[in-house]
Each structure stands twice: as C-alpha cells, then as structure tokens.
Amino acid sequence: MRFTPLVPVAAAALFSLGAAAQQALPQEVEAALARAKVPRDAVTMLVVDAESGKPPRLAWRSQAPVNPASIMKLVTTYAGLDLLGPAFAWTTPVYIDGPVSNGVLNGNLYIKGQGDPKLVVERLWLLMRRVQGLGIHTVAGDIVIDRSAFEGQTEPDPAAFDGEPLRPYNAAPDALLINFKSVVMTFVPDRQAQTAQVNFEPSLAGVTMQPTVPLSAGECGDYRSNLRADFSDPTRIRFNGSFAAACGEKTWAVAYADPRSYAARAVGGMWADMGNQLKGQVREGRVPAGLKPAFEAVSPPLAEVIRDINKYSNNVMAQQLFLTLGLQQKNRGTLDGARTAVRQWWNDRIGTGEGQPVLDNGSGLSREERITAAALAKMLQHAWRSPVMPELMSSLPASGVDGTLRKRALRSGGTAHLKTGSLRDAAGVAGYVDGDSGRRYVLVAIANHANAGAARAAFDALVDWATQDQ
C-alpha cells in the first residue's frame, strides 16, 4: 500500500533550506555550547516552519552532511509508513508436514520468519499455543526454522561496532528475530534462604542457567559487576559473585553469547516449557515448495511498531523495518535492496534538491550514515503534509513525558516531539516544536564532536528558544 500526499510537493516548490543564509545562534545556545566545549563549527542547526515555502527562523551549517546517529530512524520510519501504510503487519506462517494423530505430528513443523520485529516471548508463547490448538503436543520429526526471507544477511560480530557484544542494542536483524536475541534475568532476594532467585526469560534449550546466587550485605552499588557474571560459554550462564539484598528486585537484559543459535534454542526451550515433546531437533531449513501454512501469527501494525522504534530508539527493530522495505519493494531482504528502495522513495517523494541521505542499515547505529539538516528538515516538512503525519508524530518522544525525552522537560513549559540520537561522537534531536504563537516548527540540531554528548543542554536551549516565537 502506498500513500499519496494530500498536496503534491515538488522539489522546486519548497523553499531551499540548504540555500538559507548563515545566521547567528541564540545567545543561550552559544553559551551552552561553550560550557560543553563543543565548537560552533561542530554543530548543524535549523529551525523552520513546518509548512514549506517559508524561510527558516534559524539556519546554521544546514548543508553540512553529518552523522545523525539514531535520528536516522526518522527516515526509515517515515519511508515505512509512506510505502507500506500504518496498518501493515508482518506475518510468521507456521506449516505442518505430516498427519496428526493422538496429539502427535508425524512429520516436521516449520516456522518461517518474515522479519517480524516484535516476536517477543509472549507472542512466541501464543504461536506455540496455536500449534497446540491444532492438536499437536509431540513432534515426531523436527521443528524447522526458515530464515530465508533475509537471505544473504550474514551474522555480524556483535562486538564490531563498539566492543559491547552483550548489549541488546547490538543485536543483528534476523528473518526470525525472537525477543531481540536477548535473555532477561530477574533477581529476587530471599533473605530467609540468603540467596537471590534468578529467573530467566526465555528458557533456552541446551543452556544451563544458574538458578540462585548468594546474598550479600551492604549497599546495592554496581550490582551487575558484583554478580561477576560469566557469559563466555553459550551453553552455560553462571555467576561467580553475589547479589546485595539491599538491591531489592532487579532486571538485567543481555544479548545471548551465540546469537545465531538463539532462535532455535528459544523455540526448543519454549516448546519444552509448555509440556510438549520433540523427538527430533530444532534446526534451520526451508519450507518445502507447495506446502500451505496451517496458520499465520500476525505482528502488531506498523503504526505501533514505529512507536517502539522511535520512542525507545530500538536499533534492531529499525533494521528489521529497513530490510522489510527492501523485501517488500524490491523483493530483496538485504541491505542493498533496502538502500535501493529508500533511495528511490526519497527521490520520488522528497527530491534531490537538498541532497540524499547516505544510508547504511537505517537505524543510525553506524559510522557511515550521513544526512544534512536541510534534507532532514525538508523530509519532516513533507511528513507534516502527509496522511501518515499523525502516526509519525505520535511515535516521537514527547519532551518531559515519555521515551528518551521523559526526563527532559522544557524550561519554557512548551511542547515538542523529537527523535533523539546518540553515539560516541554524535548527538542530536530532530522533530517538531510547538511555538507560543500556535505555529509548529521543524527543528534539527546535531553535533559531531568528541564532546557531542555534552551538547544536549545546547539542544534543549534551542528547543526552548524555538517555542518562544511571540
């Protein structure tokens, strides 16, 4: 499904944001940058009316290509809404290859991943319940997982980006992405037993998980370091330290040490936990040609999925959507297919007047992606005139309310919906700001510098300034 803008926006009809004259930065922004030790030439800033055709209130280095970090998710999510529609949903078909008799499937069970970004533990359980609803409690053959929809995607080294392989944000996309390839551990102190119970979700077949850790006295402190967790062996999760009783209940999510085997282990563990039996094994393979699905598990709609992507800056969900655009538009669930699809969409919808973004994986978790403030602002102006504007707007964190802006209320008391971005040397915000006059503005502010993280106060000052337009 492809949406057509209510008012066609030709590139020539828009005020050239990139051609805007350089302007002085507001005094409070200059002061905040000085305190952060971020030079003016390391930032790009643009504030312009959400309605196109008007000159910017502020333009500073708006034609400079910069690394936008997670702000790039705005491109991916708007392209997704515009090309697929807000009601688009992913399906995960399930097949049975053999007769069912007395609770036994005499054959194989197939699960075909097609890129669902939100196949979390609860939804995997529901999928398994539907299998049980077919009268199946024992699979005499194998459970086969088909990941061919994203064929050609290699499993990257999870430590390659920043040396943090156990951080869930480094999870790689997968046609059958289950629970973001993460294990969630909950520690519950039992003072009487002097241990903390450890609950793991999900259970992973073939992985031994230590059920308790000793309690210790004293303050909570850095409880994760005190646990001295050992995740080096994919078949065993253990702890060599203790858990302070003063911590109360704590939850810790980690990426599984062997991500390629995660889906098979999660499926096998869930099947067993539900009291079922498997005579064969969980393995990878392809659905036989001509086999019809017994049912399809359906994801939440795209409008709901992009709220998770933008409000909480979920990298792997953004990459799942990016690859899905390649699969749906070019019949290629690869990065090359996705880049081609989004570049073509950009040319058709946004135009090339302000330059095309440099795309990598569509999530911003990249050192290669680039965009100018002028190009991003032009896209956000286009989105403001689009039928899918309400879905995109509601997916953005609201200042002082939720998502990544929950703790960043505006001093002016104004309102803004902004996507944040942060990497080691890049930080920024972009989205929509409401002025005191009732007008709405597009705002883009990005720093590329070793001290970029310290520039957040300058971004907040710019947003406050933008609200004060009386």
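The values are calculated or read from the model by the stated rules, or taken from the named source; none is laboratory data. Only a predicted model underlies this, so the values are computations on that prediction, with no experimental measurement involved. FYI the Cβ positions are ideal-geometry reconstructions off the backbone, even for glycines, and counts take in every protein chain you see. Each accessible area value is taken on the protein alone, full model and side chains, heavy atoms only, with ligands, DNA and RNA left out. Shrake-Rupley method; radii C 1.70, N 1.55, O 1.52, S 1.80 Å.
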What are the pairs, 6+ residues apart or on separate chains, where a residue within the stretch 452-469 that is without any contact (Cβ under 8 Å) to a residue 24 or more places away in the chain has its Cβ under 9 Å from a residue that is open to solvent by less than 10 Å² (accessible area, probe 1.4 Å)? none
Only one of (1) open to solvent by 40 Å² or more (accessible area, probe 1.4 Å); (2) under 28 Å from D146 (Cα atoms) does not apply to F88, and that is (1)
Counting only residues that are surrounded by fewer than 24 Cβ atoms within 10 Å (Cβ to Cβ) and either among the aromatic types (F, W, Y) or more than 15 Å from A398 (Cα to Cα) (or both), how many does the stretch 427-460 have? 13
Looking at this structure, is A272 within 30 Å of G98 (Cα to Cα), open to solvent by 30 Å² or more (accessible area, probe 1.4 Å) and part of a helix (DSSP H, G or I)? yes
What are the residue pairs meeting all of these: first residue in the stretch 183-194, first residue within 11 Å of P214 (Cβ to Cβ), second residue in a loop (DSSP other than H, G, I, E, B) and not aliphatic (A, V, I, L, M), Cβ atoms under 9 Å, and 6 or more apart or on different chains? P189/G248; P189/E249
I need a count of the residues in the stretch 367-393 that are part of a loop (DSSP other than H, G, I, E, B), under 22 Å from the mean Cα position of the chain (by Cα) and either aliphatic (A, V, I, L, M) or within 14 Å of A79 (Cα to Cα) (or both). 1
Residues being open to solvent by less than 30 Å² (accessible area, probe 1.4 Å) and either over 20 Å from F88 (Cβ atoms) or touching a Cys at 6+ places or on another chain (Cβ under 6 Å) (or both) - total across the stretch 109-130: 6
Mind telling me which of the residues A175, A255, A229, A193 ends up being more than 30 Å from T334 (Cβ to Cβ) and buried (at least 19 other Cβ atoms within 10 Å of the Cβ)? A229
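Each row is one residue, and each column tells you yes or no for (1) closer than 25 Å to L109 by Cβ; (2) modelled with pLDDT under 95; (3) of a type outside the set (A, V, I, L, M, F, W, C); (4) part of a helix (DSSP H, G or I).
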site	(1), (2), (3), (4)
P300	yes, no, yes, no
A303	no, no, no, yes
L325	no, no, no, yes
Q328	no, no, yes, yes
R332	no, yes, yes, no
Would you check if there is a residue in the stretch 187-201 being under 25 Å from W125 (Cα atoms) and either within 24 Å of the chain's Cα centre (by Cα) or at pLDDT below 95 (or both)? yes
Among (1) more than 14 Å from V188 (Cβ to Cβ); (2) assigned to a helix (DSSP H, G or I); (3) at pLDDT 95 or above, where does A246 come up short? (1)
Looking at G364, G400, which is the one that is assigned to a loop (DSSP other than H, G, I, E, B), closer than 30 Å to Q320 by Cβ and in contact with a Gly (Cβ under 8 Å, 6 or more places away or on another chain)? G364
Can you tell which of L327, L321 is surrounded by fewer than 24 Cβ atoms within 10 Å (Cβ to Cβ) and in contact (Cβ under 8 Å) with a residue 60 or more places away in the chain? L327
Just to check your reading of the model, which residue among A445, A426, A409 is under 12 Å from D460 (Cα atoms) and at pLDDT 95 or above? A445
